[in-house]
Amino acid sequence: MKFTEILYEKKDGVARITINRPEKHNACTSVTIFELTQAFTDAWVDRSVGVVVLTGAGDKAFCTGGDQSLRAEGGYAGTVAALPLEVGWQQVSTLIRTIPKPVIARVNGYAIGGGHVFHVVCDFSIASDKAKFGQAGPRVGSFDPGYGTGDLVRAVGLKKAKEIWFLCRQYTAAQALDMGLVNVVVPHERLDDEVNQWCADLLAKSPTALKMLKYAFHAETDGVVGITNLGVGGLSMFYNTEESLEGKNAFMEKRPPDFSKYR
Ligand code: 2NE
């Protein structure tokens, strides 16, 4: 796959997706967002991938949200994908939450605005001690109406989540750890070692158990979509049974199915 605003690498069971606009603190255009949807979709279907790591290029920023220079009447300009950037953002967030594999945010610097939302919706956040966290929407005339508010509440509690969103302050990595916003903080130079260790630990676990757990964690909060994802996880296992294959085989052989031995 050829990308222009992200880097995508798959090695030893890990897919690494890097937002590659360091000169803009990895702020995203609609091209970046479209490419993120492509990379996450590829990581979803590639059976060699067990864990996904999302990060930003350079050592200043993880991601600072939507590229404000592209703001135009009604949203963001320069849309290349089928949907405007602000909708694409929700698509990426949804992919991160529903891809049936753990997603680790490798937070190497600023995680601000929509970039903060991305780390919030990842399954785990591993932060450099240089990382800074915060929302910026109300300062620049924007907000995240979905997972960026709901998942934040579940991570840090309602009062703190409102403080983060309403006041647009920045928080250090130590403060983020204190409030349960990240899993661990390590010295900047140890960030890759720590991320690699988490990847190895996750790759040693049952992928099906991890998939079903991820769906179970979101089933209650995501309503019918959450229950559907959990159910579809079960459906894909059912497809591998003799009982399910009997239905398909009978159709192909133009005979009535015989499910009697599966009661
Ligand atoms: C992150 C922060 C505080 C860093 O400040 P500093 O001083 O360390 O860096 P500087 O000089 O501001 O940034 C370096 C370069 O990156 C660009 C800057 O304009 C600058 O470019 P030059 O002037 O050198 O050419 N840059 C950084 N972030 C950018 C952005 N988001 N868009 C365009 N250019 C950006 C500081 O950079 C900051 O506050 N950044 C803006 C954060 C922000 O407001 N993000 C948008 C929130 S809204 C959102 O993301 C969103 C949403 O609400 C709904 C749907 C989708 C997205």
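A short reminder: the numbers here are calculations on the coordinates, not readings from a lab. These numbers come from a predicted model, not from an experiment. Don't worry about glycine lacking a Cβ; one is built from the backbone with ideal geometry, like all the others, and counts go over all protein chains shown.
Note that region 150-161 has calculated 3J(HN,Hα) couplings of x, 5, 5, 4, 5, 7, 10, x, 5, 4, 5, 5 Hz, one per residue in order, obtained from phi through the Karplus relation 6.51 cos²θ - 1.76 cosθ + 1.60 (θ = phi - 60°); glycine and proline are x. Figure legend: label point modelled 7 angstrom from the Cα of Gln175 along Cα→Cβ; no residues of region 24-53 have amide N under 18 Å from it. Considering only C-alpha atoms, what is the centroid distance from region 94-120 to region 166-229, in Å? Rounded to whole Å, the Cα centres lie 8 Å apart.
Taking amide H as placed 1.01 Å from N in the peptide plane, the amide H of Ala131 sits under 5 Å from that of Ala173, each at least 5 places away or on another chain. With θ taken as phi - 60° and the Karplus curve 6.51 cos²θ - 1.76 cosθ + 1.60 applied, the whole-hertz 3J(HN,Hα) list for region 211-228 is 4, 5, 5, 4, 5, 5, 4, 9, 4, 6, 6, 8, x, 5, 5, x, 5, 4 Hz, x standing for glycine and proline.
The length gained by stretching the chain between Met252 and Lys2 to full extension, at 0.36 nm per residue less their Cα-Cα distance, is 86.1 nm. Scanning residues 5 or more positions from Arg71 or on other chains, those with amide H under 5 Å from its amide H are Ala77, with H placed 1.01 Å from N in the peptide plane.
Extension gain, Ser260-Thr41: 0.36 nm per intervening residue step, less the Cα-Cα distance, totals 75.0 nm. Under a Gaussian network description of the chain, with springs only between Cα atoms under 10 Å, the residue in Asp67, Asp151, Asp222 that fluctuates furthest is Asp222. Counting 0.36 nm for each residue step from Arg154 to Ala209 and taking away their Cα separation leaves a gain of 17.5 nm. Take 56-62, 7-13, 110-116, 27-33 and order them by the average number of nearby Cβ atoms within 10 Å per residue, most first; the result is 110-116, 27-33, 56-62, 7-13. Here the Karplus curve 6.51 cos²θ - 1.76 cosθ + 1.60, taken at θ = phi - 60°, turns the phi angles of region 30-35 into couplings of 5, 5, 4, 5, 4, 5 Hz, with x standing for Gly and Pro.
In region 6-203, Cα pairs under 8 Å separated by at least six residues give a relative contact order of 19 percent.
For Gly56, the residues 5 or more places off, or on other chains, whose built amide H falls under 5 Å of its own are Ile19, Asn108.
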